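Working notes, structure below.
The values are calculated or read from the model by the stated rules, or taken from the named source; none is laboratory data. All values reported here derive from a predicted model rather than from experimental measurement. FYI the Cβ positions are ideal-geometry reconstructions off the backbone, even for glycines, and counts take in every protein chain you see. To get the accessible areas, we keep the full protein, side chains included, count just its heavy atoms, and leave off ligands, DNA and RNA. Shrake-Rupley method; radii C 1.70, N 1.55, O 1.52, S 1.80 Å.
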Amino acid sequence: MTVAVRPAQKLTVDEVCTELQISRSTFYDWCQKGRGPRCIRLPNGSLRIRRGDFENWLMDCEDSS
């Protein structure tokens, strides 16, 4: 019997920006400077962020403040 494993939820850039209440340009600026959450680049060039990576990044932001 095979068990279907649901992959980790992946967020779009728009979903992350909405949750953080920031603009897309701010998100891309953070990523360019190495301050944003870890991203996955899809073959079509769009980005996705794993929910777990996003949550870990938020916790790291809390620790550094």
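Structure data summary
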{"read-out": "GNM result for the chain, Cα springs below 10 Å: residue of L11, L20, L42 fluctuating most strongly", "value": "L42"}
{"read-out": "The chain: DSSP helices with Cα axial extent of at least 27 Å and average Kyte-Doolittle hydropathy no lower than 0.5", "value": "none"}
{"read-out": "Cβ-placed point charges (K, R +1; D, E -1), dipole of the chain about Cα centre in debye, nearest 20", "value": "380 debye"}
{"read-out": "Of all accessible heavy-atom area on the chain, the percent that carbon and sulfur account for (1.4 Å)", "value": "50 percent"}
{"read-out": "Net charge of neighbours whose Cβ lies under 13 Å from the Cβ of C17, counting Lys and Arg as +1 and Asp and Glu as -1", "value": "-3"}
{"read-out": "Computed over the chain: relative contact order in percent, which uses C-alpha pairs under 8 Å that are six or more apart", "value": "33 percent"}
{"read-out": "Accessible area of E62 in the full protein assembly, 1.4 Å probe (Å², nearest 10)", "value": "130 Å²"}
